[in-house]
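The values are calculated or read from the model by the stated rules, or taken from the named source; none is laboratory data. Predicted, not measured: the structure shown is a model, and the values here were computed from it. Quick reminder, even Gly has a Cβ in these numbers, built from the backbone with ideal geometry, and neighbours come from all protein chains shown. Just so you know, the surface numbers come from the protein's heavy atoms only, side chains and all, with ligands and any DNA or RNA stripped out. Shrake-Rupley method; radii C 1.70, N 1.55, O 1.52, S 1.80 Å.
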Amino acid sequence: MQTSNSSPYNMANPLRREVVRLYRNLLYLGREYPQGSTYFRERLKASFMKNKDVTDPEKIKKLVAKGDFVIKELEAMYYLRKYRTLKKRYYDPEK
C-alpha cells in the first residue's frame with residue numbers, strides 16, 4: 001500500500017501539493033465571485049489547464065506565487081465589498 005508521499009505524482013513533481021492547495025483555495029474563494037461561481041470556476045479551470053504541461057520547477061513556483069497574489073486580491077475585494085455594504089447600512093449617505 002502506498003502512502004500519499006510515495007505516490008507517483010508526488011515523486012514526479014514535489015510542487016504538486018502546492019498547485020492542488022492553490023486550486024482548492026481559489027475554488028473556495030470563487031464561490032462569492034461577483035460574476036458568479038460558475039464563471040469563476042470555468043476561468044480557473046482554463047487557467048490551470050493552460051499551464052498543465054509546465055514542468056520547470058522555477059516556472060511552477062512563479063505561477064504559484066502569481067496564484068497566491070490573486071488570492072490576496074480576491075480577499076481584498078471581498079473585504080472591501082463587505083466594508084462598503086456595512087458603511088451603507090449604518091451611515092447616512094446624505095452626510
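Points to keep in mind about this one:
- Being surrounded by 15 or more Cβ atoms within 10 Å (Cβ to Cβ), of a type in the set (S, T, N, Q) and modelled with pLDDT of 90 or more holds for only one residue in ASN25, ASN10, and it is ASN25.
- On inspection, THR55 fails the criterion of being modelled with pLDDT under 90, loosely packed, with under 14 Cβ neighbours inside 10 Å, not in a loop (DSSP other than H, G, I, E, B) and not hydrophobic (A, V, I, L, M, F, W, C).
- Candidates ILE71, ILE60: the one that is hydrophobic (A, V, I, L, M, F, W, C), within 10 Å of the chain's Cα centre (by Cα) and not in a loop (DSSP other than H, G, I, E, B) is ILE71.
- Answer from ARG84, ARG41, ARG89 - the residue that is open to solvent by 100 Å² or more (accessible area, probe 1.4 Å) and in contact with a helix residue (DSSP H, G or I) (Cβ under 7 Å, 6 or more places away or on another chain): ARG41
- Qualifying residues in segment 28-38 (those that are of a type outside the set (D, E, K, R) and surrounded by 10 or more Cβ atoms within 10 Å (Cβ to Cβ)) - the one farthest from TYR78 (Cα to Cα): THR38
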